[in-house]
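This report refers to the structure that appears directly beneath it.
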Amino acid sequence: MKVLVTGAAGFIGFYVAKYLVDRGDVVVGIDNINDYYDPQLKYDRLAILDKLERFSFIKLDIADNAGMLKLFEQNKFDAVVHLAAQAGVRYSLENPHVYMQSNIVGFLNILEGVRHHKINHLVYASSSSVYGANTLQPFSEHHNIDHPVSLYAASKKANELMAHSYSHLYGMKTTGLRFFTVYGPWGRPDMAPFLFAKGISNGDTINLFNNGDMSRDFTYIDDIVEGVVRVMDNPAKGNPEWSGDAPDPASSYADYRIYNIGNNNPVKLMDFVKAIENAVGKKANTNFMPMQPGDVQSTFADVSELESAVGFKPGTSLQDGINIFIDWYKGYYRG
């Protein structure tokens, strides 16, 4: 199978590309290597992928329409795993235009490529952020998500709507995956696991928002990758029981599906800090702060639909995952 992985120099894209190559697939990876966070981390991930025989890399921005047209014309992909996006809730408050370019224009280019080249399956990254102002938990794909609280979340909901329209109009098979707080080795340095590991290791003060009264469904990277690949191997199918009288947001009469991928086990922020303290061997210096705009107090994934569809449920324990992450962090930064 020949697979296009977008965002291949990114955290999840790197792991998905490696997994696919290791199992025998041919992978073309693309990434624009932007400077949202330190590009050196992206280049170091790519250095590992570049050693793999069935992997090739093209530096390309998904918002570059001409470049994307050429990419699809020159390759015959069997599937697309679309993980490239402008990430980050808080950054979307500072630089909203880049989210429209990458997450909307870029996603449109992906949809058009899949449409015109009749690619069998498009799997794309959505986000737990789409649940926004929802408070009923665990979050289910069957819940309404009409109240996003950040532009980033709105862009991800827009992706799901765009994918449905293409599934309806052109018979495309599309599956959106709502990731819940992914962490692990090679993770993004703008996220809490990395920031806390750095702060605690260096003896610096770490900021805890909403006065530490938060929880997240932290999901280890290996569980995310296993879910992504299993979903890719099982293209979306229409739901014969779907009804326009009571429309189910998680499925459709068209070949369209939405799944949560989370650990199904929310962890309190203070317990998360303690897990990192245990792994680092130091106590944290903490600074309690109010809730930030665009943030939510808690996330909790219902993953029953994913388990039913592909026979997999994430289950890596937090302390096990954090221990592996801290081992990598110490080695990478020689801490």
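On the beta carbon distance between residue 169 and residue 1, with R0 = 30 Å, the FRET formula returns roughly 0.70. Direction-averaged projected area, Cα convex hull, segment 248-296: 6.2 nm², rounded to one decimal. Each label was represented as a point 7 Å from its Cα along the Cα-to-Cβ direction; for residue 90 and residue 115 these points are 3.8 nm apart. Label separation (residue 246 vs residue 98): 4.5 nm, computed from points 7 Å beyond Cα along the C-beta direction. With respect to the chain, whose longest principal axis is taken over its alpha-carbon atoms, helix 106-116 is tilted by about 30°. Specify whether the C-alpha gyration tensor of segment 210-291 places it in the rounded, prolate or oblate class, a ≥ b ≥ c being the square roots of the eigenvalues: rounded for a/c under 1.5, otherwise prolate if a/b is larger than b/c and oblate if not. Verdict is oblate for segment 210-291. Annotated for segment 144-293: lysine pairs at least 8 residues apart or interchain, Cα distance under 20 Å, count 11. In this structure, residue 211 and residue 105 have a Cβ-Cβ separation that, at R0 = 35 Å, corresponds to a calculated FRET efficiency of about 0.35. The residues neighbouring residue 236, those whose beta-carbon lies less than 9 Å from its own, together hold a net charge of +2 under the Lys/Arg +1, Asp/Glu -1 convention. Which lysines have a Cα less than 23 Å from the Cα of residue 18, not counting those fewer than 8 places away in the same chain? Partners found: 2, 42, 51, 59, 76, 313, 330.
Count Lys and Arg as plus one, Asp and Glu as minus one, and take only other residues whose Cβ is under 12 Å from that of residue 248; the net charge is then -3.
Helix 192-202 axis versus longest C-alpha principal axis of the chain: approximately 30°, rounded to the nearest ten.
Per residue, the chain exposes 43 Å² of solvent-accessible protein surface, assessed with a 1.4 angstrom probe and all protein chains in place.
Estimated purely from DSSP H runs of n ≥ 4, each contributing -39500 (n - 2.57), the mean residue ellipticity at 222 nm for the chain is -11500 deg cm²/dmol once divided by its residues. Proximity of backbone amide H atoms, modeled 1.01 Å from N, is registered between residue 248 and 243 at under 5 Å, excluding neighbours fewer than 5 places apart on the same chain. Peptides 7-15, 253-261, ordered by how many other C-beta atoms sit within 10 Å of their residues on average, highest first, read 7-15, 253-261. The computed percent of Cα pairs over 37 Å apart for the structure shown corresponds, within (1) 13; (2) 22; (3) 29, to (1).
For the pair residue 23 and residue 204, a Förster radius of 45 Å applied to the C-beta separation gives a FRET efficiency near 0.65, rounded to the nearest 0.05. Once the Cα atoms are used to define both axes, helix 151-170 deviates from the longest principal axis of the chain by about 20 degrees. What are the aspartates and glutamates whose alpha-carbon lies under 12 Å from the alpha-carbon of residue 118, with same-chain residues fewer than 8 places away excluded? Of all the aspartates and glutamates, those that pass the test against residue 118 - Cα under 12 Å, at least 8 places apart if same chain - are 73, 78. Using a/c under 1.5 as the rounded threshold, could you call segment 107-265 rounded, prolate or oblate? The axes a ≥ b ≥ c are square roots of the C-alpha gyration tensor eigenvalues, and prolate needs a/b larger than b/c, oblate otherwise. Since a/c reaches 1.5 and a/b is larger than b/c, the shape of segment 107-265 is classed as prolate.
The values are calculated or read from the model by the stated rules, or taken from the named source; none is laboratory data. Remember, it's a predicted structure, so these values are computed and weren't measured experimentally. Reconstructed Cβ throughout: ideal geometry from the backbone, glycine too, with neighbour counts over all protein chains shown. Side chains are part of the model used for accessible areas, which takes the heavy atoms of the whole protein and leaves out ligands, DNA and RNA. Shrake-Rupley method; radii C 1.70, N 1.55, O 1.52, S 1.80 Å.
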